[in-house]
Amino acid sequence: MEITEKAPAKINLSLDALFQHADGEHEWKMVMTSVDLADYVELSTTTSRQIKVTTDSGFLPVDQRNLAFQAARLLQRKAGITRGARIHIRKQIPVAAGLGGGSSDAAAVLRGLNRLWQLNWSLADLAHLGLAIDSDVPYCVYSQTALVTGRGDEITLLPKLPPFWVVLAKPNASVSTPSILRSIPYDQQLNHPPIEQMVTAIKQGNYEQILTSMGNTLEAITSQRYPQIKQLRQKMQQFGADAAQMSGSGPTVFGLCAKYSRAQHVFNSMKGFCPEVYLVRPLLNGLN
Ligand code: ATP
């Protein structure tokens, strides 16, 4: 049997880094949502223990460095499974973009193999396991609007967002997340976005308040190294996005628009400045 799992990209509507734990992990407070730009992960089970990853992307490792491979190995080991898996990743999410593509592929593998191997683990169990792969994996297991705290493992699901459009602009730069995280200046005054206000705005379905609650602590750090981020954000706003900011550790910049005509205008205009631009929407019903 072969199944296909959707692995959607995520954006950080707000992102705050609070402190670094003694083991080097970061304490996060962020609001994430998933959009309808997705990888598709095809999975089938094999009789040998082998995990085999293939992909149509020229940019990805297919060995143990691939997060999808790591997810399959980890689940196989923890669940005591003697079968293996074939994993084919149809890549659509830009790599190293701040859109969580690798984490979402890993989460899709956990959900898919849970079904194929008939493990009956809960999403909470899979999310807990996924934390060992990357701090974004627990969120990606759910891929629904959520407040994410702790090391990325405390997920509080939030209600459906009010309707809006999202323009994603990925400049021609690949950002190393570990290198950005190593340079967070915790000893200096950081810009902390109002996360509680964002949560309230979402609970009330208040689009205007969502816009004014946005913020990303990492944006100042990444844009210092990649000045095109600041330019893209300014362009987005100039072309009429209601608000714009960087996602994750970057470099993708996203703009929100309540009106489709406005979003289309921003999308078309950004194409003149940026090699990869997408017009998407938050997932309406999570992964369904
Ligand atoms: P995050 O915001 O979660 O740090 P990102 O969106 O910035 O991640 P990814 O696309 O997940 O970045 O890729 C980050 C790194 O992970 C790249 O160096 C890439 O080679 C590696 N990687 C491993 N497996 C995958 C995968 N399945 N898809 C994408 N990248 C992967």
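Laboratory data are not the source of any read-out in this text; all were calculated from the coordinates shown. Bear in mind the structure is a predicted one, so any value in this text is a computation, not a measurement. Virtual Cβ from ideal backbone geometry, glycine too; neighbours counted across all protein chains shown.
Here are the numbers:
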quantity	calculated
Selected from SER269, SER104, SER143 as most flexible by GNM, with the chain as the system and alpha-carbon contacts under 10 Å	SER269
Charge-dipole axis of the chain as Lys and Arg at +1 and Asp and Glu at -1 on Cβ define it, positive-most pick from TYR278, LEU158, GLY248	TYR278
Restricting segment 183-288 to chymotrypsin sites (Phe, Trp or Tyr not before Pro) in coil, as DSSP defines it, with at most 11 other Cβ within 10 Å	TYR186
Sites ARG281 and GLN64, calculated FRET efficiency, Cβ-Cβ separation with R0 35 Å, nearest 0.05	0.50
GNM top mover of ARG90, ARG233, ARG65 - the chain, alpha-carbon springs below 10 Å	ARG65
Base-10 log of normalised Debye intensity for segment 1-89 (one unit scatterer per alpha-carbon) at q = 0.15, 0.18, 0.19 Å⁻¹	-0.77, -0.95, -0.99
14 Å Cα cut-off, lysine pairs counted over the chain (separation 8 or more, or different chains)	7
Where labels lie 7 Å past Cα in the beta-carbon direction, separation of LEU18 and VAL95 in nm	3.5
Net dipole in debye of the chain [+1 Lys, Arg Cβ; -1 Asp, Glu Cβ; about Cα centre; nearest 20]	660
Stretchable slack from GLN224 to GLU27, in nm (0.36 nm times residue separation minus alpha-carbon distance)	68.7 nm
Convex hull (Cα only) mean projected area of segment 44-158, reported in nm² to one decimal	6.8
Additional length obtainable on full extension of the chain from ARG86 to ALA173, 0.36 nm per residue less Cα span	28.2 nm
Spatial extent of segment 171-214: Rg and Dmax, with the Cα atoms as the point set, Å	15.0, 37
Rough spin-label spacing in nm, given labels placed 7 Å along Cα→Cβ, for SER57 and ALA79	2.3
Segment 59-120: chymotrypsin sites (Phe, Trp or Tyr not before Pro) in DSSP loop, at most 15 other beta carbons within 10 Å	PHE59
Compactness of the chain - radius of gyration and Dmax, Cα, Å	18.5, 56
Separation of the GLU196 and HIS265 label points, Cα + 7 Å toward Cβ, nm	3.8
